[in-house]
Each structure stands twice: as structure tokens, then as C-alpha cells.
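First the structure, in the form of C-alpha cells, and then the observations on it.
Read the figures in this text as sums done on the coordinates, not as results from a lab. Just so it is clear, the model here is predicted, and its values are computed rather than measured. Cβ: placed from backbone, ideal geometry, glycine included. Neighbour counts: every protein chain shown.
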Amino acid sequence: MKRIATSLLMLSLATVTALAAPTKKENPILGNAKAPVGGTFYVVMGAEPEKLNPLTSTDNYASQVHGFVIDGLMRTNLETYDQEPGLAESYEADPKGMWYIFHLRKNAKWHDGKPVTAEDVKFSFDAIFDDKLGFDTAHIRPYFENFEGAQIIDPLTIKFTIKKKYFYNFNVLASGGFMAIVPKHIYGDSKNKNTKTLVGSGPYMVDRYDKGKGIVLKRNPDWWGFSDPRYAGFYKWDKVQFRFVKEEMAQLARLEKGEVDFIDAISPEAYMQKTNHEPWGKSALKKKVDHLGPRPYNFVGWNFLNPIFADRDVRVALAHLTNRELMIEKFRFGMSLPATGPWYLQSPYANKSVKPLLFDPKKAQEILTKAGWADANKDGILEKTINGKETPFRFTLLMANKDSEKYMTIYKEDLKKAGIDMEIKLVEWTTFVKSMDEKKFDAVMLGWSGGSVDNDPKQIWHSTSSQAGGSNFISYSNPTVDKLIDEGREELDKAKRIQIYQKIYKAIADDAPYVFLFNNKFFLFAHTAKMKMDKPNYAYDLGVETWWIGN
């Protein structure tokens, strides 16, 4: 999950930068090596990151910054989705898949000038699952449970041994989206465990953090990538400045004035109705593209610890009371599809036989009546005796983005007609994340970033991921789903794994743990005309890292 992909606030999936299986073929060199270096690239960020520590942060805003500051052992080629050398200049793999050896670059340095060593890599690995080190890494631990450990061979060589086969074992080691490589001498210090400290070995380093306003990064002249021909066309700006701007209209206004250069996702409403005047088409440009990369999806999630939402019939009824068709027509201009399940429809892992739970108030009412909900006291609110207590159907929906309020206002009115009282409560992003971590909420509206082309649902949908700080913050639990997830993770044949995951997709969709809202047909974004690029997108992403500033 590195970029925010809709106007809805997003959480980040650890699999966002997952890589394809190891390959030895030559990949195309991307970008324009002759493009000029210079200037400041101003980027919109929809909210201030809760924390920047790459080992513990979970939100997509921190991931945006990490993409410029933190390296992984390997990097993804945006045209082929294959991995290429990163901090590791090469690797060796056991033919049986039970170990990997990575050889680090001799010229890789941390931002404070100290060399990157195998000891740092081992620390980054150990920090994920060693409770003694004190990092809150519950959100990514599911990916590392199959590893035995890490062994330092020499200062620039490290070996990882595997106790159990898993189709993503190489990926989680290679990708910075899973295992961010951080300096032990910085993050081994207890005061830097869960703070906004950010030190890496990437192409940019933190220059300034203006709380409540933005983050400024400056180009790292010692980045190892600048001496590698593969990356000669990357990262051409002197500085990258993230500016915290919440509402979409404010974001668009700042781009029109040239105060920001890039909005990585604009809504269909903005694309169709709010960008049809000057300077749009001249100094401000909007783009609609399609590529093979993973797509985000939006949802309303129900807290299963609340007895109202523990009832599947109630959740199905709530889905039938969601007028997504009207929302798509009114606000999304036909550029979205009703989501049907727990990942994006265009994924090969999605079960195409699953149909969306369409808006049907009559059916919803029948389901609720059958489930025992009735307005006995004629006050307009349904009630039911739950655990010996008369319980009105009343709950609070948490949101962290005012731009999404229009969707939930429609929902609120349709719920009211059905005898359900929903209060919409807008809170700051940090409060929002804290409420989810502590499971102190009734319902939430937000989105997941796209994850990976090759999906692994354990992070969000396995019952073991419902621990505090885990991504299964709604406490969803289905033994059949757990069993299928475990089975799928061990299946190395992709075709067979797809069949397993399509069963998972259907099982989760049948449980209706979320109201699955929208899947985007396209990727919509905006940028200033001074931003130059070879093309608007590569096969698997936009390729913003290859842009430069022109006249």
C-alpha cells in the first residue's frame, strides 16, 4: 500500500511493494538518465503520519515518505515487476527454497555516513518478531513466521534460513515494504522505538519536519543508486517537500497555484467537475491511466466485538442499505465498480462469481425483522434484546476525512429510514488509528491500499492478525478462512493458489465483515506542467520516481 489511491484515507498493506519470484533475466532500464537534476518536488499528503519509524508505522502516509528514504535489499522494476539489486548487489537461493544469502553493496551508507552492514540487516529482521527489542510490529509479523533466523556470514553477507515453505518468503526479505532495512546504531536506541525518527540509506534524507505542516527531504548525494546505471534516471529533485493538506478542494487549489506539484489520487468528482477551468490543461494537468498494479478499495468496517455487528445477518442487511449505485453515479461518474469482496476485482485472486450486495431496503428490512429487530416502542429506532439487555440499533461511525462525508451522509439517511441511528464522527488521523489499534469503535470508514499483485490475505483476514496493533482490527474470525489462508500460503503453484484464494474471497464476502464499497476502474492523478516524464505510467505503477522538473 506506497501511495494514497483515493480521496478516502488509507491504511497501508505491508505487501504494497511485494516483488515477483526471483528471476535472472535482464530488466529494462527506466527513466531518463539525461534529465536535469534540481528543484523541489512538492507533494500533497492527506494527513500527517502517525509515526515515521519504518518498523512500526502502519499508515500509508508514512509509507509515502519511506519510499524516498528507506531501502530494501532489492527494488521492483515498474515495467516487469521483477526484482533488481537494491542494498544487496546480488543474492543466492537454495534450490529447495530453505535459505537465501544476500551480498550487500560496499558503497551503501546510512544518512549519517556510517556504512550499511549485515549487522544492520540482521537487526532489522530481528526487530520484527523479537519482543525483547520492543517494537510494535504485529501488522507485519504474519509474513515472517516461517523464518528460522538470520546469520551474519561476514560484514557484507547475511544468510536467512527458512523453517517452512511459503510462496512469499523471498519477497518479504527482498522488499522494503516488508523488511525496511534500518541502522542498528539509531533504532537500537530505546528513545527511537515508536517516534518520528527516520534514518535510512535511500536517495533522500529528512531535512526538516514541521509538525502539522509538512516534511522536507533533501537529496542524498551518497546514495548507492546514483552510481548504478539502472537508477541513473531516478530521483532528479534536490528536495521533496510533503505538504499536509486534508480536503481535496484545498489540495486542488494549491496545485492550481503551483504550491504543490503532485496529487497522487484525485476523486472522479474532481476529475470530471472540479478541474475544468483555468489553469487546468495549461499549468495544471489531470491524468486518467490504467496499469496492472494493485488497486485500493474502500469500505465500512464493523467491530465484531460489538454484539450488534457479531450477527452476520445484521451485517448483510447493512450492506443492502448501502446505496453504492447512487454514490457511484453521483460522486464517481461511472469510474468505479461496486466492490464485491476483500480485494480488488481486477485481481486474478478475486472470485468473479461473487456478486455485490446491492441496495435493497426491502430485503434488508426482512432480514432485520427475521433477526429479531423491531421498533416496539414506536420511537423510530429498531431494538432487540441482546445478552439480556434492550439494545437500540444505534452506533457511531468514525471517519478521518471530511471529503468522504458525502458518501456516509447518503448512508445515514437510508439507515434512518430503516430504523437505524448512525452518528458520523470526524476525528484526526492519529485518533482514528489509535481507536482502531485499541478496538474502541463501532464502525469505521476508510480504505486499504492495493497491496500486491500476488495477494496474501493473512495480514487482514486471519484470526491471528486480530491482536492489538494487527491489521485485522475488526476482530474477524472464520476457522474455514483461517484454514484456507494457511493452505494457500504453502501452495507454491500460483494457479493452484489462485483457486484457494478465490474460495477465501467468496467465504469472506459471504460473511460481510465490511461493506465493500468501490473498486476504481482507473488511476486518477494530477500534477503541474513543470513536472516532466517519459510517459504517464509504467506497466505496474506511475513511476513518479522517474519524473524531473523542466521549464
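At a 10 angstrom cut-off on C-beta neighbours, averaged per residue, how do the peptides 308-321, 136-149, 96-109 rank from highest to lowest?
On the way: 308-321: 21.1, 136-149: 19.1, 96-109: 17.4.
Ranking, from highest mean packing down: 308-321, 136-149, 96-109.
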Between (1) 39, 28, 21; (2) 45, 28, 22; (3) 54, 36, 19, the structure-derived semi-axes √(5λ) of the Cα gyration tensor in Å is (1)
Check the straight Cα-Cα distances from Lys496 and name the lysines below 20 Å, setting aside those fewer than 8 residues away within the same chain. Lys96, Lys164, Lys165, Lys352, Lys458, Lys483, Lys506
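Can you give the local net charge around Gly212? Use residues other than it whose beta-carbon is closer than 14 angstrom to its beta-carbon, Lys and Arg +1, Asp and Glu -1.
On the way: positive: Lys196, Arg208, Lys211, Lys213, Arg243, Lys246; negative: Glu48, Glu50, Asp210, Glu428.
So the environment of Gly212 carries a net charge of +2.
Based only on other Cβ atoms within 10 Å, what is the fewest-to-most ordering of Arg230, Arg295?
Working: Arg230 17, Arg295 23.
Listing Arg230, Arg295 from fewest to most nearby Cβ atoms yields Arg230, Arg295.
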Per-residue ³J(HN,Hα) for the stretch 263-279, Karplus 6.51 cos²θ - 1.76 cosθ + 1.60, θ = phi - 60°, Hz, x for Gly and Pro: 10, 6, 8, 10, 6, x, 4, 5, 4, 8, 10, 10, 10, 10, 10, 5, x
With θ set to phi - 60°, apply the Karplus curve 6.51 cos²θ - 1.76 cosθ + 1.60 along the stretch 173-188 and write out the HN-Hα couplings as whole Hz, x wherever there is a Gly or Pro. 6, 6, 8, x, x, 9, 10, 6, 8, 10, x, 4, 5, 9, 7, x
Could you go through the stretch 29-41 in sequence order and give the Karplus-derived ³J(HN,Hα) for each residue, using 6.51 cos²θ - 1.76 cosθ + 1.60 with θ = phi - 60°, rounded to whole Hz, and x for Gly and Pro? 7, 9, x, 10, 4, 8, 5, x, 9, x, x, 10, 9
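Helix-derived [θ] at 222 nm for the chain: sum -39500 (n - 2.57) over DSSP H runs of at least 4, divide by residue count, nearest 500? Don't skip to the answer; put the middle values down first.
Numbers: 14 runs with 130 residues, N = 551.
Helix-only estimate at 222 nm: -6500 deg cm²/dmol.
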Rank by packing, highest mean first: peptides 374-383, 469-478, with packing defined as the count of other Cβ atoms within 10 Å averaged across residues. 469-478, 374-383
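Where does each of 220-226, 389-395 land if you order them by average Cβ count within 10 Å, highest first? Can you show the working numbers first?
On the way: 220-226: 18.4, 389-395: 14.7.
Ranked from most to least packed, the peptides come out as 220-226, 389-395.
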Give me the distance between the Cα centres of the stretch 94-110 and the stretch 331-380, rounded to whole Å. 47 Å
For Ala108, residues with placed amide H under 5 Å, excluding near neighbours: Val116
For Asp207, list long-range residues whose amide hydrogen, built 1.01 Å from N in the peptide plane, is under 5 Å from its own amide hydrogen. Val216, Leu217, Lys218
Taking the Cα centre of the stretch 501-551 as origin, work out the dipole magnitude from +1 charges on Lys and Arg Cβ and -1 charges on Asp and Glu Cβ, in debye rounded to 20. 180 debye
Residues whose built amide H sits under 5 Å from the amide H of Thr391, excluding neighbours closer than 5 in sequence, are Lys384, Thr385, Ile386
Can you find, among Tyr235, Ile215, Ser175, the residue sitting farthest towards the positive end of the charge dipole of the stretch 125-267, where Lys and Arg contribute +1 and Asp and Glu -1 at Cβ? Ile215
